[in-house]
Number of protein chains: 2
Amino acid sequence: MSRATLSNATNADFPMRLRDVAGQVEARLDALLPKPHGHQSVIFEAARYAALGGGKRLRPFLVVETARMLGGDLNAALDVGCALECLHVYSLVHDDLPCMDDDDLRRGKPTVHRAYDDAIAVLAGDALLTRSFGILGDANLEPAIQVKLITGLAASGGMSGMIGGQVVDITVAEGERDEALITELQAMKTGALIDYAVRAGGYVAGASETELAALSSYARDMGLAFQIQDDILDVTGDAETVGKAVGKDANLGKATFVSILGLDGARKRAKELGERAMNSLEPWDESAQTLRDTVDFVLERKH
Amino acid sequence: MSRATLSNATNADFPMRLRDVAGQVEARLDALLPKPHGHQSVIFEAARYAALGGGKRLRPFLVVETARMLGGDLNAALDVGCALECLHVYSLVHDDLPCMDDDDLRRGKPTVHRAYDDAIAVLAGDALLTRSFGILGDANLEPAIQVKLITGLAASGGMSGMIGGQVVDITVAEGERDEALITELQAMKTGALIDYAVRAGGYVAGASETELAALSSYARDMGLAFQIQDDILDVTGDAETVGKAVGKDANLGKATFVSILGLDGARKRAKELGERAMNSLEPWDESAQTLRDTVDFVLERKH
């Protein structure tokens, strides 16, 4: 029996807080990504083109709000969030390449390889990934915490995390995809970075192992709910609102949570996961309101 | 007037030492790169295919030998060298892609995108780059030293370092390439990681700022000599010995040190740089013998 229930509507302050943190992320990324200069100026341009001016910034939001809940330093959390966002953006740039998903539109504008070319897109992704670790190395934190953040990001973004998920997504045949497989796939591809986001906020604030475990449970369930909602939007959304191509997975006959569970089944599953995510926040009561609102937001989002 | 002179032949012990360290790097990389497992096993395979079984391992050799000269921990230096080698290998995998240099042969075997496909090559490169920082985060060193190593690797491998050099190489028109430009290009593309290698060995051993500056001077000159020798081998070598396509730059009419300075001029320039590199090692006398031998090796190498 789940004790928490989802509220009927997202807390009125939440959209404002999300936008506020997104604005801070934008400003900080602008400072952390060098302005174009030198004979290689196109790579600075392309990296900034990819990283600036878009996105919900959900991952940095989770870093900052988890750190806030636990009383951590918010400027350091913002830098860690920006490092994570650079890594997330690199993965989008590479996933969009013609040899992978071959997408033309991302965050409402042409993908990097369409705006520049394939080589610059590969290198801009490489550059953003490299810069992620540089930003963590420069963050104003105890070195021991920085090392935890760096090791964690390498694990969550690596072959047993995000990259592993993308590999499963592009290599496993449709016939082998059941709910267990796409759950495993998404736990790596999307879930690992969402999990990292809340743990990173915890590291910044010096969270205990017990707290980190509860945060991970929250993030794993919320991350999967996020992905299910993504699959739902792929069927029900329109490209203009969503900001990227929609209907693509369905048109490709690709197994998704919607194709396996049906639209109602997928919505029900997302709601169950959302309730379980809420329950994991029990140790924090009122101070976890923003992380609770995030679950509502994820389930209600239209883009 | 330069005081040091190049020896007529590489020290007899040197090739054995280089092979010995290369063997240690191979064994340690084998342990540091996970064995294939799970639904994403192909990515572990591809990363290991790219990183294992080849290469002079010059960069890890420089890390280990610099640490040895300064009395640093050699196991930690080996791990740092392996991290650097993973980053170097990722850059080769991505540079070989069809959208960049489109090479079929690397270290005497098919390039990753030829052995697998383009998507796996992009992801294997991403995975090796990510793993580099994970290895540094796991190394048995003081956290403050780890952070220096990580920040340094991100800078040397990033948009103002190695990636910047590759961007200049693929974007600047032939007509604009003079000696100054290709020197700048190579200082970033090849020089930055060779510089990092010796500084990393210095960090492991707790080198002073003065020592690090002398090591950097050594590496910058030696790295450029290395690249000039690469251009010489592109004209004078054969593919079997060199282990990759040769004559390519010349056939493409691409400006190299040889096309700009002529073969004799390039050899003379490499020799001058080698002598200057030797002079930078003066603070260390006999203990720097291996780093001196490395200069001879770089100038005399046939592959």
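Read-outs throughout are calculated quantities, based only on the coordinates presented, and are distinct from any laboratory measurement. Since the model is a prediction, treat every value here as computed from it, not as a measurement. A quick note on method: Cβ atoms are made from the backbone with ideal geometry, for glycine too, and the neighbour counts reach across all protein chains shown.
Taking only DSSP H segments of four or more residues, each worth -39500 (n - 2.57), what value at 222 nm results for the protein assembly as shown once the sum is divided by all its residues, to the nearest 500 deg cm²/dmol?
When only DSSP H runs of four or more count, the value is -22000 deg cm²/dmol.
How long are the three semi-axes of the equivalent ellipsoid of chain A, in whole Å, if each is the root of 5 times an eigenvalue of the C-alpha gyration tensor, listed from largest down? Mind showing how you got there, number by number?
On the way: eigenvalues 148, 133, 59 Å².
The three semi-axes for chain A are 27, 26, 17 Å.
Amide H neighbours of A:LEU105 under 5 Å, counting only residues 5+ apart in sequence or on other chains, H built in-plane at 1.01 Å?
Counting only residues 5 or more places away or on other chains, the set is A:THR111, A:ALA245.
Starting at 0 and stepping by 20 Å, how many percent of the alpha carbon pairs of the protein assembly as shown end up in each bin?
Per 20 Å bin, starting at 0, the Cα pair percentages come out as 20, 52, 23, 4, 0.
Using 0.36 nm per residue, how much length does the chain from A:LEU212 to A:LYS254 gain when fully extended, once their Cα-Cα distance is taken away? Don't skip to the answer; put the middle values down first.
Numbers: separation 42, 0.36 × 42 = 15.12 nm, distance 3.47 nm.
11.7 nm is the gain from fully extending A:LEU212 to A:LYS254.
I'd like to know which of B:THR183, B:GLY164, B:ILE145 lies farthest towards the positive end of the charge dipole of chain B, counting +1 on Cβ of Lys and Arg and -1 on Cβ of Asp and Glu.
So the residue we want is B:ILE145.
Label-to-label distances across copies for A:GLU272, with labels 7 Å out along Cα→Cβ, in nm, shortest first?
Reported distances to equivalent positions: 7.5 nm.
Can you pull the mean other chain C-beta count within 10 Å for peptide A:40-46? Walk me through the numbers on the way to the answer.
On the way: counts 16, 5, 4, 9, 4, 0, 2.
That works out to 6 on average.
How big is the dipole moment of the protein assembly as shown about its Cα centre under a simple scheme where the beta carbon of each Lys and Arg is +1, that of each Asp and Glu is -1, and everything else is neutral? Debye, nearest 20, please. Walk me through the numbers on the way to the answer.
Details: 62 positive and 90 negative charges, 65 e Å.
The dipole magnitude comes to about 320 debye.
Which of the pairs A:LYS189/A:LYS268; A:LYS56/A:LYS268; B:LYS35/B:LYS56; A:LYS189/A:LYS271; A:LYS148/B:LYS109 have their Cα atoms more than 32 Å apart in this structure?
Values: A:LYS189/A:LYS268 22 Å; A:LYS56/A:LYS268 24 Å; B:LYS35/B:LYS56 23 Å; A:LYS189/A:LYS271 21 Å; A:LYS148/B:LYS109 37 Å.
Violating the 32 Å Cα-Cα cut-off are A:LYS148/B:LYS109.
What dipole magnitude, in Debye to the nearest 20, does region B:14-300 give about its Cα centre under +1 on Lys/Arg Cβ and -1 on Asp/Glu Cβ?
With only Lys, Arg, Asp and Glu charged at Cβ, the dipole is about 480 debye.
HN-Hα J couplings of region B:63-76 from phi, Karplus 6.51/-1.76/1.60, θ = phi - 60°, integer Hz, Gly and Pro as x?
Taking θ as phi minus 60°, the curve returns 4, 5, 6, 5, 4, 4, 4, 9, x, x, 6, 6, 5, 5 Hz for region B:63-76.
Please tell me the relative contact order of chain A in percent, rounded to the nearest whole number, where contacts are Cα pairs under 8 Å and at least six residues apart. Can you show the working numbers first?
On the way: 427 pairs, mean separation 64.3, N = 303.
Taking the mean separation of contacting Cα pairs over the length of chain A, I get 21 percent.
Report the full-extension gain for the segment B:ASP178 to B:MET100: residue separation times 0.36 nm, less the Cα-Cα distance, to one decimal in nm.
Details: separation 78, 0.36 × 78 = 28.08 nm, distance 2.18 nm.
Stretched out fully, the B:ASP178 to B:MET100 stretch lengthens by 25.9 nm.
Please compute the average number of Cβ atoms from other chains found within 10 Å of each residue's Cβ in peptide B:129-142.
Working: counts 9, 16, 6, 3, 13, 10, 2, 6, 12, 5, 1, 0, 1, 3.
Going residue by residue through B:129-142 and averaging, the value is 6.
Can you give the local net charge around B:ARG301? Use residues other than it whose beta-carbon is closer than 10 angstrom to its beta-carbon, Lys and Arg +1, Asp and Glu -1. Kindly include the intermediate steps, with their values, before the conclusion.
On the way: positive: B:LYS56, B:LYS302; negative: B:ASP230, B:ASP296, B:GLU300.
Neighbourhood net charge equals -1.
What is the gain in length, in nm to one decimal, between B:ASP285 and B:ASP264 on full extension, counting 0.36 nm per residue of separation less the C-alpha to C-alpha distance?
Numbers: separation 21, 0.36 × 21 = 7.56 nm, distance 3.08 nm.
Length difference between fully extended and current span is 4.5 nm.
Would you mind ranking A:SER132, B:SER160 so that the residue whose beta carbon has the fewest other beta carbons within 10 Å leads the list? Could the numbers behind the result be given before it?
On the way: A:SER132 28, B:SER160 19.
Result, fewest neighbours first: B:SER160, A:SER132.
How many partner chain Cβ atoms sit within 10 Å of a residue's Cβ in peptide A:181-194, on average, as a whole number? Provide the component values of the computation, followed by the final result.
Working: counts 1, 0, 0, 3, 2, 0, 0, 3, 0, 0, 0, 0, 0, 0.
Across A:181-194, the average partner-chain Cβ count within 10 Å equals 1.
How long are the semi-axes of the ellipsoid equivalent to region B:105-165, from square roots of 5 times the Cα gyration tensor eigenvalues, in whole Å, largest first?
Details: eigenvalues 153, 42, 19 Å².
Listed largest to smallest, the semi-axes of region B:105-165 are 28, 14, 10 Å.
Give the nm distances, rounded to one decimal, from A:GLU142 to the matching residue in every other copy, measuring between label points 7 Å along Cα toward the beta carbon; shortest first.
With the label placed 7 Å along Cα→Cβ, A:GLU142 yields 1.6 nm.
Run the numbers on region B:35-151 and let me know its relative contact order in percent, using alpha-carbon pairs under 8 Å that are six or more apart. All intermediate terms of the calculation are to be shown ahead of the outcome.
On the way: 129 pairs, mean separation 32.2, N = 117.
Computed over region B:35-151, the figure is 28 percent.
For region B:35-44, in order, what is each residue's ³J(HN,Hα) by Karplus, 6.51 cos²θ - 1.76 cosθ + 1.60 with θ = phi - 60°, in whole Hz (x at glycine and Pro)?
Taking θ as phi minus 60°, the curve returns 5, x, 7, x, 5, 9, 4, 4, 6, 5 Hz for region B:35-44.
Report the local net charge at A:GLU142: Lys and Arg +1, Asp and Glu -1, summed over other residues whose C-beta lies under 11 Å from its C-beta.
Numbers: positive: A:LYS148; negative: A:ASP73.
Around A:GLU142, the charge tally is 0.
Just rank B:VAL172, B:VAL204, A:VAL25, fewest to most, by other beta-carbon atoms within 10 angstrom.
Details: B:VAL172 17, B:VAL204 31, A:VAL25 25.
Lowest count first: B:VAL172, A:VAL25, B:VAL204.
Say a label goes 7 Å from Cα toward Cβ at A:GLU179 in every copy; what distances in nm does this one have to the rest, shortest first?
In nanometres, ordered from closest: 7.1.
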